[in-house]
Amino acid sequence: MRTEQLEYIAAVTRLGSLRRAADELRLSQPALSETVRNLERELGIDLLERKRTGATMSAAGQELMPHIVQVLEAVDRLRVAAGEQHRISRMVRVGTVNAATVPLLIPVLRDFRATHPVTQVEVVGAQQTEIQRGLAEGGFDLGLVNHLDGDDVPAGFEATELLRGRPVVCVRPDSPLAALTEVSADDLLTVPLIAMRTGYVMHRYVHRLLADRTPVFSYSTDGAEMGKLMVAEGLGATVLPDFSVVGDPLERGGTIVCRPLAGDATEVVLMLQRRRAESVPQAARDLYETFVRRATEL
(Lines give C-alpha, C1' and ligand atoms only; values in the text may rest on other atoms or scores of the structure.)
Protein backbone atom coordinates (compact mmCIF):
# COMPACT_ATOMS: atom_id res chain seq x y z
CA MET A 1 0.00 0.00 0.00
CA ARG A 2 1.32 3.43 -0.98
CA THR A 3 0.45 6.83 0.45
CA GLU A 4 -0.56 8.18 -2.95
CA GLN A 5 -3.23 5.47 -3.25
CA LEU A 6 -4.91 6.85 -0.13
CA GLU A 7 -4.52 10.41 -1.41
CA TYR A 8 -6.21 9.38 -4.68
CA ILE A 9 -9.15 7.79 -2.86
CA ALA A 10 -9.58 10.92 -0.74
CA ALA A 11 -9.56 13.09 -3.89
CA VAL A 12 -12.16 10.93 -5.66
CA THR A 13 -14.40 11.04 -2.58
CA ARG A 14 -14.03 14.81 -2.22
CA LEU A 15 -14.67 15.59 -5.89
CA GLY A 16 -17.22 12.82 -6.51
CA SER A 17 -15.76 11.88 -9.87
CA LEU A 18 -12.80 9.91 -11.17
CA ARG A 19 -12.50 12.36 -14.06
CA ARG A 20 -12.38 15.47 -11.88
CA ALA A 21 -9.97 13.75 -9.47
CA ALA A 22 -7.74 12.75 -12.40
CA ASP A 23 -7.71 16.35 -13.64
CA GLU A 24 -6.77 17.70 -10.22
CA LEU A 25 -4.09 15.07 -9.68
CA ARG A 26 -2.83 15.49 -13.27
CA LEU A 27 -3.23 11.81 -14.01
CA SER A 28 -4.97 10.04 -16.84
CA GLN A 29 -8.36 8.67 -15.79
CA PRO A 30 -7.41 5.05 -16.68
CA ALA A 31 -4.23 5.35 -14.58
CA LEU A 32 -6.19 6.71 -11.61
CA SER A 33 -8.88 4.06 -11.97
CA GLU A 34 -6.26 1.29 -12.07
CA THR A 35 -4.53 2.64 -8.94
CA VAL A 36 -7.83 2.65 -7.03
CA ARG A 37 -8.61 -0.88 -8.29
CA ASN A 38 -5.24 -2.11 -7.05
CA LEU A 39 -5.91 -0.70 -3.59
CA GLU A 40 -9.37 -2.29 -3.52
CA ARG A 41 -7.89 -5.66 -4.45
CA GLU A 42 -5.26 -5.27 -1.73
CA LEU A 43 -7.89 -4.42 0.90
CA GLY A 44 -10.39 -6.96 -0.40
CA ILE A 45 -13.30 -4.52 -0.58
CA ASP A 46 -14.85 -2.05 -3.03
CA LEU A 47 -14.13 1.44 -1.75
CA LEU A 48 -16.10 3.22 -4.47
CA GLU A 49 -19.48 2.77 -6.05
CA ARG A 50 -19.06 3.63 -9.72
CA LYS A 51 -22.03 5.09 -11.55
CA ARG A 52 -22.51 6.98 -14.79
CA THR A 53 -23.10 10.12 -12.75
CA GLY A 54 -19.82 9.70 -10.86
CA ALA A 55 -18.08 7.78 -8.11
CA THR A 56 -19.13 7.82 -4.50
CA MET A 57 -17.74 6.13 -1.42
CA SER A 58 -19.23 2.74 -0.75
CA ALA A 59 -20.56 1.81 2.69
CA ALA A 60 -17.39 -0.16 3.36
CA GLY A 61 -15.34 2.77 2.13
CA GLN A 62 -17.20 5.17 4.42
CA GLU A 63 -16.25 3.01 7.40
CA LEU A 64 -12.59 3.12 6.36
CA MET A 65 -12.51 6.81 5.41
CA PRO A 66 -11.79 8.10 8.96
CA HIS A 67 -8.79 5.76 9.12
CA ILE A 68 -7.60 6.91 5.68
CA VAL A 69 -7.84 10.54 6.82
CA GLN A 70 -5.90 9.74 9.98
CA VAL A 71 -3.12 8.11 7.95
CA LEU A 72 -2.92 11.08 5.58
CA GLU A 73 -2.83 13.54 8.48
CA ALA A 74 -0.06 11.51 10.12
CA VAL A 75 1.90 11.59 6.85
CA ASP A 76 1.46 15.38 6.70
CA ARG A 77 2.78 15.71 10.25
CA LEU A 78 5.74 13.51 9.34
CA ARG A 79 6.53 15.69 6.32
CA VAL A 80 6.35 18.85 8.43
CA ALA A 81 8.63 17.32 11.05
CA ALA A 82 11.06 16.17 8.38
CA GLY A 83 11.06 19.64 6.88
CA GLU A 84 11.81 21.14 10.29
CA GLN A 85 14.60 18.63 10.83
CA HIS A 86 16.08 19.56 7.48
CA ARG A 87 15.85 23.24 8.42
CA ILE A 88 17.56 22.57 11.75
CA SER A 89 20.34 20.56 10.12
CA ARG A 90 21.10 23.11 7.39
CA MET A 91 24.45 24.81 6.94
CA VAL A 92 25.16 27.86 9.10
CA ARG A 93 27.56 30.42 7.59
CA VAL A 94 29.64 32.63 9.86
CA GLY A 95 31.61 35.61 8.61
CA THR A 96 34.55 36.64 10.77
CA VAL A 97 37.33 39.22 10.78
CA ASN A 98 39.44 36.45 12.36
CA ALA A 99 39.27 37.93 15.84
CA ALA A 100 39.35 35.79 19.02
CA THR A 101 39.67 32.64 16.91
CA VAL A 102 41.36 30.51 19.57
CA PRO A 103 39.75 31.71 22.82
CA LEU A 104 36.20 31.90 21.45
CA LEU A 105 35.48 30.72 17.92
CA ILE A 106 37.13 27.29 18.16
CA PRO A 107 35.52 26.36 21.52
CA VAL A 108 32.13 27.53 20.21
CA LEU A 109 32.42 25.33 17.12
CA ARG A 110 33.42 22.38 19.29
CA ASP A 111 30.43 22.89 21.63
CA PHE A 112 28.03 23.38 18.73
CA ARG A 113 29.12 20.20 16.97
CA ALA A 114 28.48 18.21 20.14
CA THR A 115 24.81 19.24 20.09
CA HIS A 116 24.31 19.57 16.30
CA PRO A 117 26.34 16.74 14.74
CA VAL A 118 24.63 16.95 11.34
CA THR A 119 24.78 20.73 10.94
CA GLN A 120 27.58 22.09 8.79
CA VAL A 121 29.23 25.33 9.87
CA GLU A 122 31.09 27.31 7.23
CA VAL A 123 33.49 29.92 8.63
CA VAL A 124 34.48 32.61 6.14
CA GLY A 125 37.17 35.22 6.77
CA ALA A 126 36.19 38.63 5.41
CA GLN A 127 36.37 42.35 6.02
CA GLN A 128 33.76 43.94 8.24
CA THR A 129 32.00 45.65 5.34
CA GLU A 130 31.81 42.36 3.44
CA ILE A 131 30.41 40.57 6.49
CA GLN A 132 27.72 43.17 7.04
CA ARG A 133 26.76 43.09 3.38
CA GLY A 134 26.57 39.30 3.55
CA LEU A 135 24.34 39.49 6.63
CA ALA A 136 22.05 41.99 4.94
CA GLU A 137 21.77 39.89 1.78
CA GLY A 138 21.42 36.54 3.56
CA GLY A 139 24.84 35.17 2.58
CA PHE A 140 25.89 34.97 6.24
CA ASP A 141 23.80 33.90 9.22
CA LEU A 142 26.15 35.39 11.83
CA GLY A 143 29.01 37.86 11.77
CA LEU A 144 31.96 38.37 14.13
CA VAL A 145 33.24 41.93 13.80
CA ASN A 146 35.36 44.36 15.80
CA HIS A 147 34.04 47.71 16.93
CA LEU A 148 35.73 50.70 18.47
CA ASP A 149 33.86 52.54 21.20
CA GLY A 150 31.34 54.85 19.58
CA ASP A 151 30.84 52.76 16.41
CA ASP A 152 27.20 52.30 15.47
CA VAL A 153 25.46 49.01 14.70
CA PRO A 154 23.95 49.15 11.18
CA ALA A 155 20.20 49.57 10.99
CA GLY A 156 18.33 46.29 10.75
CA PHE A 157 20.98 44.35 12.68
CA GLU A 158 21.00 42.80 16.13
CA ALA A 159 24.33 42.87 17.95
CA THR A 160 25.66 41.36 21.17
CA GLU A 161 28.96 42.31 22.80
CA LEU A 162 31.07 39.19 23.28
CA LEU A 163 34.51 40.42 24.33
CA ARG A 164 36.14 43.71 25.22
CA GLY A 165 39.91 44.22 25.00
CA ARG A 166 42.77 46.60 24.26
CA PRO A 167 44.92 46.98 21.15
CA VAL A 168 48.39 45.46 21.61
CA VAL A 169 51.55 45.36 19.54
CA CYS A 170 52.36 41.83 18.40
CA VAL A 171 56.05 41.07 17.69
CA ARG A 172 58.61 38.28 17.75
CA PRO A 173 60.54 37.84 21.02
CA ASP A 174 63.74 38.98 19.27
CA SER A 175 62.19 42.26 18.11
CA PRO A 176 63.53 45.43 19.75
CA LEU A 177 59.96 46.24 20.74
CA ALA A 178 59.70 43.03 22.78
CA ALA A 179 62.22 44.45 25.25
CA LEU A 180 59.86 47.32 26.08
CA THR A 181 57.19 47.10 28.76
CA GLU A 182 54.91 49.19 26.57
CA VAL A 183 55.17 50.49 23.02
CA SER A 184 54.55 54.07 21.95
CA ALA A 185 53.36 55.23 18.54
CA ASP A 186 56.89 56.60 17.94
CA ASP A 187 58.36 53.16 18.73
CA LEU A 188 56.00 51.57 16.24
CA LEU A 189 57.31 53.82 13.48
CA THR A 190 60.83 52.37 13.85
CA VAL A 191 59.99 48.83 12.67
CA PRO A 192 58.26 47.35 9.61
CA LEU A 193 54.52 47.42 10.19
CA ILE A 194 52.08 44.71 9.14
CA ALA A 195 48.79 46.58 8.83
CA MET A 196 45.29 45.34 8.20
CA ARG A 197 43.84 46.38 4.86
CA THR A 198 41.26 49.11 4.50
CA GLY A 199 37.89 47.83 5.68
CA TYR A 200 39.17 46.42 8.99
CA VAL A 201 38.64 48.27 12.26
CA MET A 202 42.31 47.81 13.18
CA HIS A 203 43.34 49.60 9.98
CA ARG A 204 41.28 52.58 11.06
CA TYR A 205 42.69 52.41 14.58
CA VAL A 206 46.37 52.29 13.48
CA HIS A 207 45.81 55.11 11.00
CA ARG A 208 44.45 57.22 13.85
CA LEU A 209 47.20 56.11 16.27
CA LEU A 210 50.00 57.11 13.91
CA ALA A 211 48.31 60.38 12.97
CA ASP A 212 49.09 59.93 9.27
CA ARG A 213 52.82 59.30 9.94
CA THR A 214 54.47 56.58 7.87
CA PRO A 215 56.45 53.65 9.35
CA VAL A 216 59.86 52.68 7.94
CA PHE A 217 58.17 49.97 5.83
CA SER A 218 54.73 48.44 5.77
CA TYR A 219 52.79 45.45 4.54
CA SER A 220 49.03 45.07 4.40
CA THR A 221 47.07 41.87 4.87
CA ASP A 222 43.64 40.42 5.55
CA GLY A 223 42.83 39.45 9.11
CA ALA A 224 44.60 38.72 12.36
CA GLU A 225 45.60 35.15 11.51
CA MET A 226 47.73 36.13 8.52
CA GLY A 227 49.10 39.09 10.45
CA LYS A 228 50.33 36.83 13.26
CA LEU A 229 51.93 34.41 10.81
CA MET A 230 53.80 37.26 9.16
CA VAL A 231 55.02 38.44 12.56
CA ALA A 232 56.14 34.90 13.42
CA GLU A 233 58.20 34.83 10.22
CA GLY A 234 59.99 38.02 11.23
CA LEU A 235 58.43 40.40 8.73
CA GLY A 236 57.55 43.04 11.31
CA ALA A 237 55.04 44.05 13.98
CA THR A 238 51.27 44.24 13.85
CA VAL A 239 48.57 45.78 16.04
CA LEU A 240 45.66 43.57 17.07
CA PRO A 241 43.11 43.31 19.88
CA ASP A 242 44.60 41.44 22.83
CA PHE A 243 41.86 38.77 22.58
CA SER A 244 43.20 37.87 19.12
CA VAL A 245 46.73 37.25 20.44
CA VAL A 246 46.63 35.96 24.03
CA GLY A 247 46.16 32.19 24.04
CA ASP A 248 46.98 31.80 20.35
CA PRO A 249 49.19 28.73 19.71
CA LEU A 250 51.95 31.03 18.40
CA GLU A 251 51.77 33.08 21.60
CA ARG A 252 51.58 30.03 23.87
CA GLY A 253 54.61 28.57 22.16
CA GLY A 254 56.63 31.76 22.55
CA THR A 255 56.89 32.43 18.81
CA ILE A 256 55.12 35.79 19.19
CA VAL A 257 54.57 38.11 22.16
CA CYS A 258 52.43 41.17 22.70
CA ARG A 259 53.03 44.49 24.40
CA PRO A 260 50.50 47.16 25.42
CA LEU A 261 50.41 50.54 23.74
CA ALA A 262 51.64 53.44 25.86
CA GLY A 263 49.18 56.13 26.82
CA ASP A 264 46.26 54.64 24.90
CA ALA A 265 42.98 53.72 26.58
CA THR A 266 41.14 52.62 23.43
CA GLU A 267 38.95 49.54 23.78
CA VAL A 268 38.10 47.12 21.01
CA VAL A 269 34.79 45.27 21.23
CA LEU A 270 34.11 41.96 19.52
CA MET A 271 30.47 41.97 18.42
CA LEU A 272 28.28 39.13 17.23
CA GLN A 273 25.85 40.42 14.64
CA ARG A 274 22.90 39.02 12.73
CA ARG A 275 20.19 40.46 10.54
CA ARG A 276 16.96 41.26 12.36
CA ALA A 277 14.34 38.89 10.93
CA GLU A 278 11.00 37.36 11.91
CA SER A 279 12.13 33.83 11.07
CA VAL A 280 15.65 32.67 11.98
CA PRO A 281 16.72 29.05 11.36
CA GLN A 282 16.96 27.11 14.61
CA ALA A 283 20.58 26.13 13.97
CA ALA A 284 21.59 29.77 13.56
CA ARG A 285 19.76 30.69 16.78
CA ASP A 286 21.50 27.87 18.64
CA LEU A 287 24.94 28.87 17.36
CA TYR A 288 24.27 32.50 18.34
CA GLU A 289 23.38 31.41 21.86
CA THR A 290 26.49 29.21 22.04
CA PHE A 291 28.67 32.22 21.21
CA VAL A 292 27.01 34.29 23.91
CA ARG A 293 27.27 31.55 26.53
CA ARG A 294 30.93 30.86 25.79
CA ALA A 295 31.81 34.55 25.88
CA THR A 296 30.35 34.93 29.38
CA GLU A 297 32.69 32.16 30.57
CA LEU A 298 35.85 33.97 29.42
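The values are calculated or read from the model by the stated rules, or taken from the named source; none is laboratory data. Worth saying up front: this structure is predicted, and the values here are computed from it rather than measured. Here the Cβ positions follow ideal geometry from the backbone for every residue, glycine too, while neighbour counts run over all protein chains shown. Heavy atoms of the whole protein, side chains included, go into the accessibility calculation; ligands, DNA and RNA do not. Shrake-Rupley method; radii C 1.70, N 1.55, O 1.52, S 1.80 Å.
Answer with yes or no whether Gly223 is modelled with pLDDT of 95 or more and at positive phi. Please lay out each step first, then the result.
Numbers: modelled with pLDDT of 95 or more: no; at positive phi: yes.
When the stated conditions are applied, Gly223 does not pass them.
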Filter the stretch 272-285 for residues that are in contact with a helix residue (DSSP H, G or I) (Cβ under 7 Å, 6 or more places away or on another chain) and of a type outside the set (S, T, N, Q); the one that is most open to solvent (accessible area, probe 1.4 Å) is Arg275
Would you check if Val153 is touching a Ser or Thr at 6+ places or on another chain (Cβ under 9 Å), more than 10 Å from Arg275 (Cα to Cα) and either in a strand (DSSP E or B) or not acidic (Asp, Glu) (or both)?
no
May I ask you to list the residues in the stretch 16-41 that are assigned to a helix (DSSP H, G or I) and either basic (Lys, Arg) or open to solvent by 80 Å² or more (accessible area, probe 1.4 Å) (or both)?
Arg19, Arg20, Asp23, Glu24, Gln29, Pro30, Glu34, Arg37, Arg41
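So which of Arg87, Arg133 ends up being of a type in the set (D, E, K, R), more than 30 Å from Glu233 (Cα to Cα) and either open to solvent by less than 60 Å² (accessible area, probe 1.4 Å) or modelled with pLDDT under 85 (or both)? Walk me through how you get there before you give the answer.
On the way: Arg133 fails: either open to solvent by less than 60 Å² (accessible area, probe 1.4 Å) or modelled with pLDDT under 85 (or both).
Of the residues listed, the single one that is of a type in the set (D, E, K, R), more than 30 Å from Glu233 (Cα to Cα) and either open to solvent by less than 60 Å² (accessible area, probe 1.4 Å) or modelled with pLDDT under 85 (or both) is Arg87.
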Can you tell me which of (1) open to solvent by 40 Å² or more (accessible area, probe 1.4 Å); (2) modelled with pLDDT under 90 is the one Arg113 doesn't meet?
(2)
Criterion first (aliphatic (A, V, I, L, M) and either farther than 22 Å from Met226 by Cα or open to solvent by 50 Å² or more (accessible area, probe 1.4 Å) (or both)) does Ala100 satisfy it?
no
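Mind checking which residues of the stretch 241-271 are among the hydrophobic types (A, V, I, L, M, F, W, C), outside any strand (DSSP E or B) and open to solvent by less than 30 Å² (accessible area, probe 1.4 Å)? It would help to see each step written out before you state the result.
Within the stretch 241-271, the subset among the hydrophobic types (A, V, I, L, M, F, W, C) is 243, 245-246, 250, 256-258, 261-262, 265, 268-271.
Subset that is outside any strand (DSSP E or B): 243, 245-246, 250, 256, 262, 265.
Phe243, Val245, Ile256, listed by residue number.
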